[in-house]
Structures are given as structure tokens and as C-alpha cells.
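Take a look at the structure below.
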Amino acid sequence: QTVLSAPKTDAFPDWKAGEPVPYEALCRTFSLIELTTKRLIIMEYCSLFLRQVLRLTPNDLLPTVLLMINKLAPDYAGIELGIGESLIMKAIGETTGRSLAVIKQDQKEIGDLGLVAVKSRSTQPTMFKPKPLTIQGVHKGLMSIATMSGNGTQQRKVDGIKKLLSAADARSSGKVDITKDKGGPSEAKFLVRFLEGKLRLGLAEKTVLVSLAQAVIHHEAQVAGKTVASPADVEKAEAMLKTVYSELPSYDIVVPAMLEHGIMHLKENCKLRPGIPLKPMLAKPTKAITEVLDRFENQTFTCEYKYDGERAQIHYVAKSGDAGNKESSNGLTAIFSRNSEDLSKKYPDILAKLHTWVRPETTSFVLDCETVAWDVAERKVLPFQQLMTRKRKDVKIEDVKVKVCVFAFDLLYLNGEAIVEQSLRERRALLADAFAPVEGEFAMAVHMDGQELDAIQTFLDESVKASCEGLMVKMLDGAESGYEPSKRSRNWLKIKKDYLSGVGDSLDLVVLGAYYGKGKRTSVYGAFLLACHNPNNDTYETVCNIGTGFSEAVLESLHEQLSEIVIDRPKPFYAHSTGGQHQPDVWFEPRYVWEVRTADLTLSPRYLAGSREGVDPSGERRGISLRFPRFIRIRDDKKPAEATTSRQVAEMYRKQESVTKSKGPAVDDDF
Ligand code: ATP
């Protein structure tokens, strides 16, 4: 346990007690964090700063935490800045009186809009001294930019950014060495990076969460007259905040509750509740039934059909009210995506029917399920492609052509109580009791509890016949079978029919660039450069070029969609090889995630995926690439930061290597 060693006082931000926290103080902390890659040191700076906020201006704790994690509000609030490079460049130009052409030129040379903003500012003579930015002020300003709508939104957003930028670095002496990416006054830099959605500090959200727990527990100890909290208390505080936040992922609720009741009393005050989506539990891929049997040796497990639709979390409180939740007595129905996006406008048909599927004694619940397209005439599920044809927004019930059936597989909350800690067997029994299935509308996921290889194989075949993707195999009894929000857990395994002899799973990759097509395809992009995500340093590492699996119509629509997000040069957080012949013709903002299937994985000097994961025995640090990658579909429900990680790619590669070792190394033969 590190006891917080105070850094030099002149380096560490301070302000008058009770005053709003200066934004500059946060940026100074960011600059310190930027100078290191060591997680423990990053955590220490982060937690020291949060302690300072707690000590001097506790009311600013919430916006401080939000600005640290590059968010304005919880995910389910759906508040996004949605600002591309061109708007930011316009704002920088207009703030500093430099032409757009000059800004663009700078961006071409420097490649980092944050630094372009700093450079632009430092050349600007200051006519009057604007009021320094505060954390509250920046949060409010960004929030108003994010929530603008209606006529002239673009220009008003630019004006909002200008207002913030012109006050940035008001406190600094103005001398900035822009040849140095790191250190120095930096409000403009971090403002711009916030707008771009990447602070590039290596400051993972989890790190902020742990730092917050440390800061609060040490602060509480100090208030109680001790110097710091004991290591045992720090550990308890971290575990407490992690658990509570995983069940109620909203700093807007958790931070004020922590200030009011103290961190050790969080659990009584912040509980999973209908209306606030939690991040779903996820599964690990497997390649063979025998792998499943090895994993669950001597433990009971259950197999369920893996339906091929869209993950949904349905929240409900009956109108008459739920004794345990008085505030919600007006009733509540909501449906959220895997990403905590509000899907109510996509599935009004589900929400309208919801109350007809529950038994009278069921007053509230949070349900984990899959929505699947349903063939009314044939009374069976339809492939995922049918579901994709549904509109995403403003669906009117009377216009719904693709009917959906909800397949329920887990229950997280029932009648005023969170039940995530109960065993799956218990949750499943409660689920069965709480609902009344209606054919074609609501059903329990089909399951089978046999533990023998033959039984599982037969069940897998049946699932495929029933148009499912394969099986989910889950731990059934004991503490390990509890629901683990936001975790990709080894207590849930997936077996997909297509991957039994392949690499085990498809990958979800970010589109970074494209190559113009040849022959018939010259007016569209014919191939694309894809990357996985490395959350350790928040970069996108290239993993393959892909030109297979696209119909002409798909290529056309992709061209239209991607043309809007072309940028002049790769973002500084794209890890790609720089050899001239490997450069794509155009680069994109990181926005779209595609699901891709691959024959296998191979080491390649041309790509950088997982090159820091120590997979290359030659020590050359080659990356991993996909062989014969094939496009499956766009993953609208995933953001780039949720793409397959470098570590997952490395895991897939290692697993495959241990199987194919005897066959000699694979060759890199992509086009
Ligand atoms: P995938 O591409 O396999 O959907 P993913 O990363 O979205 O991957 P995983 O946890 O890896 O999610 O796979 C589980 C997904 O399968 C869930 O997110 C859910 O949408 C779907 N699913 C279908 N049937 C079930 C089931 N019976 N239990 C759990 N998840 C199921």
C-alpha cells in the first residue's frame, strides 16, 4: 500500500478553501500525470488532487471526477459532445484570429489539435485578461455545448468552444514550448482533448475510481484526527466503491452520497435501482465443448441458447408503486442497450406490452435479456439481419414491421431488492416465478442443465437449428454464479457454432482508414484499415486490412458514412506502422466499430496489435494480424473504446499457438 508521499508543494495545486476549484489546478495535475506511465504514480497524483478538492471545495468533487474521466454525465443520460475535428479547428481559428488554412496547416505539421490550440493561443496578444476558468465553469460550458439542439447548432457549438478557449490559460505566463508535448500550462490543450474525447493521459476510468476511494478514505481519516487511513481501511474503501459503482454506475448519485454518508456507508445508501442501467456481465469465448468441461470441472453449470439479437436491460416499476422504492411510485419502464444507451424510442412495442408479461405480485424488476426478430407466421426466431432493419429511433408502434420477442436470461432486481449476489439457480427460479411468458413476445431463454459432453453437443445442434448463435454456458451454483456487472467473466462462457474450429470468437474493431477501390470500386473505398483498442495507453493498434465480406451496396453506404469523418492525418493515438506503402489513402476519426471474423492470427511486422503483450518470441515486437479477415456487420452498440482489446487479441493468438504449435509458424499473407 502506498502511503501518499506529498509531491513538492510548488508543483502541487492549491487554492483558497471554499473557492471554486481552478481548472488550471486540474490541468496542472494532468500535466504531472502526463510525465509518467506508472499506474501507481498516476493513481497517487489523481488521489492527491481529489483529496485537495475534498479538503478545500468538496462541492466541486463531482465535476472534477467527471472531467478526469472525460465524461459530462453518466452514460445512460446520452449526453455526448459529438464534435469533430473541423468544428474544433474552426473554433480555434475564430478564437485566436488565425485563418482556418493556417490552423489546418499547423494540424498537418503538429498532428495534435490540443497542441495546435496551445500554439495558436501563445501567439495571440492578450488585450484583456479574461476570468480564469473553473472546474464548475468548464463542466457547465461543455454541458451546454453538448445539449444544444435546433437551428444553427453547429455555429452555437463553435461559439461555446470559443468562450472556453478564450479564457483558457488566463493564469499562465503565456510562454509555452509547443515542441514539448508534455508539461507546461495546458488548459487549451486539455480542453481540446476533452472535446475530442481523448485526454491521452493513460488515466483509465478504473484508476480514477480507485483514486477516488483512496482520497475519500484518507480525507475521512484526516477529519477524524489521523494522518492517513490504515491500509486495511483503504482496501475496504476501494472494494466498497468498486462494488457500489458497478451496481449503480452514476457518479451523479454516488459522489454526493459518499460526501453525505461516508464511503463505508455507501452500500446502504446507493443500491442498484430501476432507472439506472448497470453495465452487463460479459462472457469469455471458448473453442470447444471440452474447454468448457475443463473450466467447470467439479462444478455445476447450465447451458442456454445464445440468441442472435440485441442485448437489452429492461427496467420496470409498477404504477401502483413498490414498497421499497417510494420515489418511483408513478411507475417506470425503460430499456437500455449493452452500452447503457436508452433504447425506449427503438422499442416502444416492448415497453407498451411489458406489464402484460409480469405476474400481479411483481412490482419492480431489472431484467437482462436479448431482443430477437420474430417470424409471426412461422412462429420462430429470425436471423439478426432482420432485427437490423428496424429503425433505431422514433419508432411508432403501428409502423413496426419486424416484431421482436424478448428472451430473458437473468434477473438482477426484483420487488425492491437487488438479487445480483444470489446464485444463478436462485435468480432463474425468481425469474420464472415473476413472469408469465407469451408466445412470440416474451420467453425464458431455453436452457439445459445436463453436464455430459454428448448432451451439450446435442443441445448445441438444437440451438443452431433454432437459428441461435450457439450456447452460453454459465456457473449455476455458489457465490461464483452471482451476476458480475461490467465483467467479462470466466463464469460465463460462450460457444459459437462458427468458431468451433477457428479462433473462438469474432473481433470488434475500429475503422481507422481506407484505401480507394480498384476496377469497379474506384468511386468507393475498397478496403479498410482496422484496429483494436489498447486501454492501457488508450491507443488504437492496427490489426489488419480488410476488403472481404462487403456487398457493393454496403461499400457504397460505408463510403457515404465514412466520408463525413475523414481527417487530414492519423490521430496521435493511432499506433500504426509508418512505412509509406502501408499508409491508407484516407484516415478517419475513430467512430465506427465493425465485427470481423478471421481464419486465424499471425505475427506481422506491419501491424501493431498486441505488440506490447510479449507475444513475439523473436523479441522484435511484431504485432498480431488477422488472416483472411471478413466483414460481418457494423456494431452500433459498441463505442471504439469498447472494441476488442490488444490483450484479448494476444490471448486469442496464444490460445491458437498452443493448438497449432506442431504445424509451424503461420505466414503473414494478407494483401
Ligand atoms: P458477441 O459478439 O458474442 O455478442 P459481446 O462482446 O457483445 O459479444 P459477449 O458477452 O461476448 O458479448 O457475448 C454474450 C452476448 O450474447 C450478450 O451480450 C448477449 O447479447 C448475447 N446473448 C444471447 N443469449 C444469451 C444468453 N442466454 N445469456 C447471455 N447472453 C446472451
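The values are calculated or read from the model by the stated rules, or taken from the named source; none is laboratory data. Predicted model only: the values in this text are computed from it and were never measured. We place every Cβ from the backbone using ideal geometry, glycine too, and count neighbours over all the protein chains shown. Calculation scope for accessible area: heavy atoms of the full protein, side chains included, ligands and nucleic acids excluded. Shrake-Rupley method; radii C 1.70, N 1.55, O 1.52, S 1.80 Å.
Dipole of the chain, Cα-centred, from +1 at each Lys and Arg C-beta and -1 at each Asp and Glu C-beta, to the nearest 20 debye?
1840
Looking at the stretch 512-580, the GluC sites (Glu not before Pro) that sit in a DSSP loop and have at most 16 other Cβ atoms within 10 Å of their own Cβ are Glu564.
Rg and Dmax over the alpha-carbon atoms of the chain stand at 26.1, 80 Å.
Per-residue Karplus couplings for the stretch 191-200, computed as 6.51 cos²θ - 1.76 cosθ + 1.60 with θ equal to phi - 60°, are listed in order as 4, 5, 5, 4, 4, 6, x, 9, 6, 6 Hz, Gly and Pro entered as x. Largest first and in whole Å, the equivalent-ellipsoid semi-axes of the stretch 281-436 read 27, 24, 13, each the square root of five times a Cα gyration tensor eigenvalue.
Normalised radius of gyration for the stretch 187-273, please: alpha carbon Rg relative to 2.2 N^0.38 Å, two decimal places.
Its radius of gyration relative to the 2.2 N^0.38 Å reference: 1.23.
Our coupling estimate for the stretch 263-279, obtained by passing each phi through the Karplus curve with A = 6.51, B = -1.76, C = 1.60 and θ = phi - 60°, is 5, 6, 9, 4, 4, 5, 9, 10, 10, 2, 8, x, x, 10, x, 9, 6 Hz, Gly and Pro reported as x. Among the listed pairs Lys284/Lys638; Lys198/Lys496; Lys346/Lys401; Lys198/Lys236; Lys104/Lys198, a Cα-Cα separation exceeding 22 Å is found for Lys198/Lys496; Lys198/Lys236. In this rough spin-label picture, where each label sits 7 Å from Cα along the Cβ direction, the Asp399-Asn536 distance is 4.8 nm.
Each Lys or Arg adds one and each Asp or Glu takes one away; over the other residues whose Cβ falls under 10 Å from the Cβ of Ala91, this sums to +2.
So which GluC sites (Glu not before Pro) in the stretch 427-503 pass both tests, a DSSP loop state and at most 15 other Cβ atoms within 10 Å of the Cβ?
Taking the stretch 427-503 and a limit of 15 other Cβ atoms within 10 Å, the loop GluC sites (Glu not before Pro) found are Glu439, Glu452.
Relative to the 2.2 N^0.38 Å rule of thumb, the stretch 45-110 has a C-alpha radius of gyration ratio of 1.60. Checking the cross-link pairs Lys226/Lys267; Lys71/Lys189; Lys306/Lys391; Lys38/Lys655; Lys108/Lys131 against a 26 Å limit on the alpha carbon distance flags Lys38/Lys655; Lys108/Lys131 as lying beyond it. Assuming charge only on the beta carbon of Lys and Arg (+1) and of Asp and Glu (-1), the dipole of the stretch 246-377 about its Cα centre is about 120 debye to the nearest 20. Across the chain, the relative contact order, built from alpha-carbon pairs under 8 Å that are at least six residues apart, equals 11 percent.
How large is the translational diffusion coefficient of the stretch 405-471 in µm² per second when you combine the Kirkwood radius over alpha carbon pairs with Stokes-Einstein at 37 °C and 0.692 mPa s? Taking Rh from Cα pairs, D becomes 242 µm²/s. Calculated mean residue ellipticity at 222 nm for the chain: -10500 deg cm²/dmol, from DSSP H runs with n ≥ 4 weighted as -39500 (n - 2.57), summed, divided by the residue count and rounded to 500.
Subtracting the Cα-Cα distance of Asp461 and Asp600 from 0.36 nm times their residue separation leaves 47.6 nm of extension gain. If the segment from Thr290 to Thr356 were pulled out straight at 0.36 nm per residue, it would be longer than the present Cα-Cα gap by 19.6 nm. For Lys465, the aspartates and glutamates whose Cα falls under 16 Å of its own Cα, not counting residues fewer than eight places away in the same chain, are Glu304, Asp308, Asp375, Glu378, Asp498. Lys655 contributes an accessible area of around 80 Å² to the protein surface, as traced by a 1.4 Å probe with all chains present.
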